[in-house]
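Trainee: I'd like to ask some things about the structure below.
The values are calculated or read from the model by the stated rules, or taken from the named source; none is laboratory data. These numbers come from a predicted model, not from an experiment. Positions of Cβ are backbone-derived with ideal geometry, glycine not excepted, and every protein chain shown enters the neighbour counts. Quick note on the areas: whole protein, heavy atoms, side chains included, nothing else; ligands and nucleic acids left out. Shrake-Rupley method; radii C 1.70, N 1.55, O 1.52, S 1.80 Å.
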Amino acid sequence: NMKRILIVLASIMMLTCVNVSAQVAVTYAMDTPTFTLAHEDTERYQTLDTCYLTITYRFNYKATENDESLSHDDLMDLQFGRKYNAFFSRNLRDLDIQNTKELKTTMQFQTVPENYVGFDLLVNHGDSTTIVTNRIPYTSQVIEYTENTPVHSWAYMPEDTATVMGYPCHAAQCNYGGREWKVYYTNDIPLPYGPWKLNGAKGVILKAEDTEHNFVFEAEGLTQKTQPIIRYDWNRKIMKKDDWKRFEREMYQNAGAFVRNTGARIIIMDNSEQGFHRLNEDWSQFYNPLEK
């Protein structure tokens, strides 16, 4: 467990003529340095559509370059709507909702586990665009870009079959984002959708893996209960996709300097000669994006 302690240092009350807001200063104490996401408020949002089907995927991915077991995992929900599809971390959303309630009552909250995924997608069926939202570690800032919804050239392999959640599936492959993906889709749910940006196959994609074994999405739940498809009113900064990719790469490769610039206080407890010490500015975080 990387993040062992969250120390609340101070609660500073800032008065204005009409309202009161609280700012909480925190220190993160860790065994080894890592990125962690900050809390986002879930009180204000827009309802965009109604979801008629939700598929929950377990997303496994590498924690380090040599992590062949894909030890990081998260639960991701794919919501199907008439106007929009949404794809996001169920675990992160549930924790945000819980923390929003707790902060308003007890001023306590849980830290976000390092394996929770900080991006989400909103696919607009009307204009075939996708909004990609990325949460920035240690800050409440959100960066997003809009792109045309990717169109893939699928190579179908009807002889390659599998069963996922009891559904018979067939294999297909495509190249996207600098990676080759192999997926298993089912004709039993003839909708052209799948996890992340993997859309356009003959049926719903229930499993997807890149051929270098960095990432695996596998469905483990299906719900036909209607739910709202929502968009939170967060502090969003708009970027072009290429600018975001450069920003993200720099953020990971110069992680120590990035964290210093956020103002986050991080104490490393690694039993070294230094004892408890501040984060080294030359630290770099493992960078392995879904889309190169």
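Trainee: Using a 1.4 angstrom probe and counting only protein chains, how large is the accessible area of Trp244 in Å², to 10?
Mentor: The value for Trp244 is about 10 Å².
Trainee: Please report, to one decimal in angstroms, the Kirkwood hydrodynamic radius of the chain built from all distinct Cα-Cα pairs.
Mentor: Details: mean 1/r = 0.0484 Å⁻¹.
Radius from the Kirkwood sum: 20.7 Å.
Trainee: Whose amide H sits under 5 Å from the amide H of Phe215, counting only residues 5 or more places off or on another chain, with H placed in the peptide plane?
Mentor: Hits under the 5 Å cutoff: Asp210.
Trainee: For all pairs of alpha-carbon atoms in the stretch 154-257, what percent lies in each bin of width 5 Å, listed from the first bin to the last filled one?
Mentor: The percentages, shortest bin first, are 2, 10, 17, 17, 15, 12, 13, 9, 4, 1, 0.
Trainee: When the expected Rg is taken as 2.2 N^0.38 Å, what fraction or multiple of it is the alpha-carbon Rg of the stretch 205-292? Present the calculation step by step, with values, prior to reporting the outcome.
Mentor: On the way: Rg = 19.1 Å, N = 88, 2.2 N^0.38 = 12.1 Å.
Relative to the rule-of-thumb radius for its length, the stretch 205-292 sits at 1.58.
Trainee: Okay, next question. Taking only protein heavy atoms into account and a 1.4 Å probe, give the accessible area per residue of the stretch 177-292 in Å². Walk me through the numbers before you get to the answer.
Mentor: Working: 6130 Å² over 116 residues.
Accessible surface, normalised per residue, equals 53 Å².
Trainee: Leaving out ligands, DNA and RNA, and with a 1.4 Å probe, what % of the accessible surface on the chain is carbon or sulfur? Mind showing how you got there, number by number?
Mentor: Details: 7030 of 14860 Å².
Percent of accessible area from carbon and sulfur atoms in the chain: 47.
Trainee: Calculate, in whole percent, how much of the Cα-Cα pair population of the stretch 101-151 lies beyond 12 Å.
Mentor: Numbers: 915 of 1275 pairs.
Of the Cα pairs, 72 percent sit more than 12 Å apart.
Trainee: Follow-up question, since we're still on this one. I need the peptides 61-74, 196-209 ranked by packing, meaning the mean over residues of other C-beta atoms within 10 angstrom, with the highest value on top.
Mentor: Numbers: 61-74: 13.9, 196-209: 22.1.
Per-residue mean Cβ counts within 10 Å order the peptides as 196-209, 61-74.
Trainee: Which value results when the Cα radius of gyration for the stretch 17-143 is divided by 2.2 N^0.38 Å?
Mentor: Details: Rg = 16.7 Å, N = 127, 2.2 N^0.38 = 13.9 Å.
The stretch 17-143 yields a ratio of 1.20.
Trainee: DSSP loop trypsin sites (Lys or Arg not before Pro) in the stretch 63-99 with at most 12 other Cβ atoms within 10 Å of their Cβ, which ones?
Mentor: Here the sparse-neighbourhood loop sites are Arg82, Lys83.
Trainee: If you build a Gaussian network model of the chain, linking Cα atoms that sit under 10 Å apart, which residue out of Thr146, Thr223, Thr54 swings the most?
Mentor: Thr223
Trainee: For the stretch 49-102, state the average projected area of the convex hull of the C-alpha atoms over all orientations, rounded to one decimal in nm². Spell out each step's value before the answer.
Mentor: Numbers: hull surface 20.5 nm².
The number I arrive at for the stretch 49-102 is 5.1 nm².
Trainee: With a sphere of radius 10 Å drawn around the Cβ of Asn124, what net charge do the other residues whose Cβ falls strictly inside it have (Lys, Arg +1; Asp, Glu -1)?
Mentor: Values: positive: Lys83; negative: Asp49, Asp127.
Cβ neighbours under 10 Å give a net charge of -1.
Trainee: Order the following by accessible area, largest value first: Phe119, Phe87, Phe247. Probe radius 1.4 Å; ligands, DNA and RNA are ignored. Please report the intermediate quantities before stating the final value.
Mentor: On the way: Phe119 35, Phe87 5, Phe247 70 Å².
Largest to smallest exposure gives the sequence Phe247, Phe119, Phe87.
Trainee: To the nearest 0.05, how large is the calculated FRET efficiency for Thr211 and Arg246 if R₀ is 22 Å and r is the Cβ-Cβ distance?
Mentor: So the FRET efficiency works out to roughly 0.25.
Trainee: Can you tell me the 0 to 90 degree angle between the C-alpha axis of helix 90-105 and the longest principal axis of the chain, rounded to 10?
Mentor: Taking the Cα atoms of the chain, the angle to 90-105 is about 30 degrees.
Trainee: Then there's this: Between the stretch 187-239 and the stretch 24-55, what's the alpha-carbon centroid distance in Å?
Mentor: Cα centres, the stretch 187-239 to the stretch 24-55: 19 Å.
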